[in-house]
Each structure stands twice: as structure tokens, then as C-alpha cells.
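Worksheet for the structure shown next.
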Amino acid sequence: MAEESVPNGEGAPGPAGRPERMPPPSGPPRALRKVLIANRGEIAVRILRTLRELGIRSAVVYSEPDRRGLPVLLADEAHPIGPAPSRDSYLRGEAIVRLAVEIGADAIHPGYGFLSERAEFARLCQDAGLVFIGPSAAAIAAMGSKVESRRLMIAAGVPVVPGGQEALLDLAAAQSGAAEIGYPVMLKAAAGGGGKGMRMVARPADLAAAYRAARSEAAASFGDDAVYLEQLIVEPRHVEIQVMGDLYGRVVSLGERECSLQRRHQKVVEEAPSPVVTPELRRRMGAAAVAAAGAVGYSNAGTVEFLLDAEGRFFFLEMNTRLQVEHAVTELVTGIDLVAAQIRVAAGEPLGREFDDVTPRGHAIEVRLYAEDPFQRFAPSPGRIEMLRLPEGPGIRNDSGVYEGSEVSIHYDPMLAKLSVWAADRERALARLGRALAELRIEGIRTTAPLYRALLGDADFRAGRLDIGMLDRKLASGELRVPDLPLLAAAIAHYERARRTTAVVPGAVGAGGSAAGSGRRQRWAAAGRREAVRGGPWS
Ligand code: MV4
């Protein structure tokens, strides 16, 4: 895979036109002895783990409700940064930079979300003499604007979705533009991505209303109401390429992640490799991602998002200029510690030999555990985690930001933990995920774990037949029934109490209930019965 911006030959130019072995922009490698993590939850814990392995001292900031959080327990130092609202705590860029200087930190790791993709924050760090563990402020800014990044990608020869290169001046421009592209089209905010200010338009009669809606949503989300047009790609997959770049102009691809399983723009399951990406397609997408990164002089970890259509065509969507939630599946199939690589390249080390020829090995699947109730339309489920048993054993990785006794507040992202599995192939990874989910128990709050148990019984998911709309369609149609086990368990318990005194033997029903002839409902009933016997709520 190892698509590189700089061939190994002497003095070959990279796509950014810079010579190989360019001197680092800020002097020789700088030893990082202490790193401040400007984040919380599982990603703060993830970064802490690598810092300790590298022998680097760690510091975290925490908000008031996070004072007993897992990062505070695990870090070498923890510093209060303000009350619950993010803007008064984790988003206080200047205060965080000041603190870092005060405590003698050499660098700041922003994690994901919060300050991670704010070019001004990267600049603030640099101006204070701190290493920002991420790309340059210029690269963040260039990829932050959709129309700007599209223009750069077209110039770099990266395939983008057919459509306009300019923000639309008015409705008339939208009408002529849409007619030229051909319906259905997509209106998108020029300033930012992530699905905000985005409107699908099926036919000319719907354009005016969609145009107005997209503009006002773009204004509300980005403070900029400019929108532009793209052709709608129908039922594509979301496949993204992990890249890593050093400060000397070398960028490599670490292969793809399949992220099509999303619920309302929230990823829920990610895997590597994609079930449909061949080595040849991996090479082409990797080369496109490396060209995309090269076009903005990218360094550090980044992700290039593509839509992949049913004919195998792929189109650049946007570049995420940070470490992503789902980086773990790439780590599992490449054996590379992405956080360690981020720290090394930020310190000025060139990418090492392990980046020379990266080929995915085996198959990894990650599910995100959200504190949301899948039985109540994914309503937030805050509270105290009364009991927590995470799965263990072969091929399992937990990235959790919580422990038994943790209070889950409503102030932040509801993602508590990620459960990842690795196995030699996809079939075995699915089996391992099933086993892991069977071991998992969380009491006190509801989580999305039952959704993943249900997905494992879905023929399309098992076959790798995915697209970006699949999960929302299946949830809406009732085809993917998230079994209402708490109700079922309560009903069975009531029934048992009411009608008899003989003890129910838990062992009488097998896990998964695979006896011939037993239908799905019976299996769930069996599971519900076991649970009712134990008396615990469902995790
Ligand atoms: C699209 C698209 C179809 N056609 N653009 C959604 C979030 C933003 N990053 C881009 N998105 C999309 N852009 C065209 N021309 C479909 C989506 C889309 C999507 C993309 C990736 C992952 C999940 C998605 C869910 C709905 C829509």
C-alpha cells in the first residue's frame, strides 16, 4: 500500500513541489518530555497510554464534572480548566496554552473534537513555543473550507464529486448550475462539512426551498451562508484513507477504513479493511489521499474521506486534519501506534521504516458504545455506571473513558468507549465481536450495545453489503429490530413470579439459542429469560 508522496529516489520532488529531505521548518528533532492533553474521555486515556509507553510525562486538563474522570486518575498531572460547558473549559484555547507554558509542557495533543481542527489554536501553540501535535495551521485552514479544498484537490488531480467550484451567487445560479450537473443534486455549505447545511434536491421544483434552507443552516452552523452544488452520489459507501506525514514532505497511506454504518451522521461501526476494497483500489485511493495531503503540505495524522459508488468510482469529500475516533482499527491491522507516530513526527523525526510498505493484515471491527438508549430512539442515557464488565481475551481491545462508578454526564459527547476486535478474516472478526458483546455488561445506564447485537444478526451487514444510508433505513423500516430486551426481561420475570415457584434454570437456554427451528424471537426470548433470572438490566 505505502503510497508515498516522495519516492525513495534521491532528491525526487513531492507533489507539493518540495524537495526530499527538506530541513524541518523548526529546527532539529526536539525531545518532548511533557505533553499536555487538551481533551477528555476515551481519547485522553488513549493518548495517556502511549505517552507512558514512550516515557513522556503526561498532563491533562479537566472540567468540573470530569474531576473524577479516568484521565485524571491516569495522568501524571491534572489541572482544572473550568466549569462544564466546553466553551468555558475544553475550548479555552488561550488558557490551555498558558497553562501548558506554566507547567513546562513541550507539546499539546488536542485529541479529536474540541480544539483539534482550529487553525488558530495550532497557531497559538506555535507562537507560545509549544509543539502542536497535529498538522500545520495552514493545512488545517486549507482543508477547513469545502470550496477551497475542492479547488485544491481538482488542481492536484484528486477526483472530487462532479459539481461547482464556486459558491452560488443566487437562486438563479443554483437553478442553472443544477440543470447543468443534472438532478438529483446536493447543496452543501461552502464553509464547512459534516453534513450541516446539506440538502438533497431530487427535482427542479424542490430547489428553491432547499436552497433557502441550506443557506440559513450554513449561516447558523458556520457563520457563512455560502452554498455550492454537487451531483448526488446515490447510496455510496464512506471509505476513508488514513495518512501520516512527517515534517520533511513524506506522506504515506496506511490503508482504508469502511465507515458506512452511520446513524444520522454519527458513525457507529467501522472496520478495516473495507469488505469491497481490492489491493488495486487500495493503491489508487491511497495515491489519491497522499496527493490530497501533499497538496496542502500535510504532516502528522490525517484522514481523507471518500464516497465510493457501486461502480467502484471514488470521490474526495473532505479531509479530517486530526486523529480520528476510529483510528484503532487501522492500528489493529497495521500494527502501528498512530499516537506514537504523531508524537514522533511532531518532534521532528522522519517517518521510520515501519511506514515503508504498509499492508493490512487480518480484519478489525470497532463498535462505539454510546450512552444512548436504542430502545428510546437513542435518547441520552446519563447516570452512574453501577456495574461494568468489559470483554477480554484473544483479539479484543477496549478504549474506554469510564470505569465502574463513573458518572456519565450530559455535557459532552455520549461516546463512552470503543470496543474493537481483530481476527484473521472478517468472518472470524464478526464471530469475535459477537463473543465480545456477549461478555459485555454495563448496568446503571443504557448503551448502544444491543444495536450491535442486532446488527450481527443482519444478513446485509454480515455480507458486507453496506452504504451510508443503510442503518437509518433499516432502523426506520423496522427491518433491523433492536430487540426490546428490558421489556421482555421484565415481562418474563413477571410471568415467572406470577405463575409458579419452581426455579428457572439459567443453563437451560443456550447463548444465542442456535437450536434448529428456534426463530429469532425465541432466541431473544431465551436471552431475555436468562437476564430476567439474573435480575440485571440490559447493557
Ligand atoms: C454527499 C453525499 C452524496 N452525494 N455528497 C454527509 C456529510 C458530509 N461530510 C458529506 N456527506 C455526504 N455528501 C454527494 N455529492 C452523501 C453524504 C452523506 C454521507 C457521507 C458520508 C457518511 C455518511 C453520510 C450520510 C448521509 C449523507
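For this structure, a couple of remarks:
- Test: residue in segment 170-185 that is under 23 Å from the mean Cα position of the chain (by Cα), within 15 Å of the ligand (Cβ to nearest atom) and among the hydrophobic types (A, V, I, L, M, F, W, C): no
- Whenever a residue of segment 259-276 is at pLDDT 95 or above, its partners that are among the β-branched types (V, I, T) and near the ligand (Cβ under 9 Å from one of its atoms), lying with C-beta atoms within less than 8 angstrom and at least six residues away or across chains, give the pairs S260/I468; Q262/I468.
- Screening Y412 on (1) among the aromatic types (F, W, Y); (2) closer than 25 Å to S89 by Cα; (3) outside any loop (DSSP other than H, G, I, E, B) shows it passes everything except condition (3).
- Subset of segment 279-314 (residues that are of a type in the set (S, T, N, Q) and either outside any strand (DSSP E or B) or at positive phi (or both)): S299, N300
- Some residue of segment 269-282 being of a type outside the set (D, E, K, R), within 17 Å of G469 (Cβ to Cβ) and within 9 Å of the ligand (Cβ to nearest atom): no
- Positions within segment 76-101 being of a type outside the set (A, V, I, L, M) and surrounded by 15 or more Cβ atoms within 10 Å (Cβ to Cβ), in sequence order: H79, G82, S86, S89, Y90, R92, G93
- Any hit, segment 220-240, residues being farther than 30 Å from V329 by Cβ, among the small types (G, A, S), surrounded by fewer than 22 Cβ atoms within 10 Å (Cβ to Cβ) and within 13 Å of the ligand (Cβ to nearest atom): no
- All positions within segment 221-258 that are more than 30 Å from K474 (Cβ to Cβ) and in a helix (DSSP H, G or I): F222
- Residue match in segment 91-109 (condition: hydrophobic (A, V, I, L, M, F, W, C) and more than 26 Å from P29 (Cβ to Cβ)): yes
- Per-region count, segment 80-104, residues more than 16 Å from F121 (Cα to Cα) and part of a loop (DSSP other than H, G, I, E, B): 5
- Pair list, Cβ < 8 Å and 6+ apart or interchain, from segment 365-381 residues that are free of Cβ contacts under 8 Å to residues at least 24 places away in the same chain to residues that are of a type in the set (D, E) and assigned to a strand (DSSP E or B): A379/E372; A379/D373
- Residue list for segment 194-219, restricted to those being near the ligand (Cβ under 9 Å from one of its atoms) and either open to solvent by 40 Å² or more (accessible area, probe 1.4 Å) or within 30 Å of T359 (Cα to Cα) (or both): G194, K196, M198, M200
- Against the test of being open to solvent by 20 Å² or more (accessible area, probe 1.4 Å), outside any loop (DSSP other than H, G, I, E, B), at pLDDT 95 or above and aliphatic (A, V, I, L, M), the options L51, L73, L36 yield a single qualifying residue, L73.
- Among (1) open to solvent by 10 Å² or more (accessible area, probe 1.4 Å); (2) among the β-branched types (V, I, T); (3) within 16 Å of the ligand (Cβ to nearest atom) - the single one T334 does not satisfy: (3)
Conditions tested, residue by residue: (1) in contact with a His (Cβ under 7 Å, 6 or more places away or on another chain); (2) within 16 Å of the ligand (Cβ to nearest atom); (3) aliphatic (A, V, I, L, M); (4) open to solvent by 10 Å² or more (accessible area, probe 1.4 Å).
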residue	(1), (2), (3), (4)
A292	no, yes, yes, no
A295	no, no, yes, yes
N300	no, no, no, no
D309	no, yes, no, yes
E318	no, yes, no, yes
T330	no, no, no, no
V339	no, no, yes, no
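- Out of A128, A100, A167, sole residue that is closer than 21 Å to K196 by Cα and either touching a residue at least 24 places away in the same chain (Cβ under 8 Å) or touching a Phe, Trp or Tyr at 6+ places or on another chain (Cβ under 7 Å) (or both): A167
- Considering residues of segment 145-164 that are within 19 Å of A214 (Cα to Cα) and free of Cβ contacts under 8 Å to residues at least 60 places away in the same chain only, the residue nearest to the ligand (Cβ to nearest atom): S145
The values are calculated or read from the model by the stated rules, or taken from the named source; none is laboratory data. Because the structure is predicted, anything quoted here is derived from the model rather than measured. All Cβ positions, glycine included, derive from the backbone under ideal geometry; neighbour counts span all protein chains shown. With ligands, DNA and RNA removed, areas are computed over all heavy atoms of the protein, side chains included. Shrake-Rupley method; radii C 1.70, N 1.55, O 1.52, S 1.80 Å.
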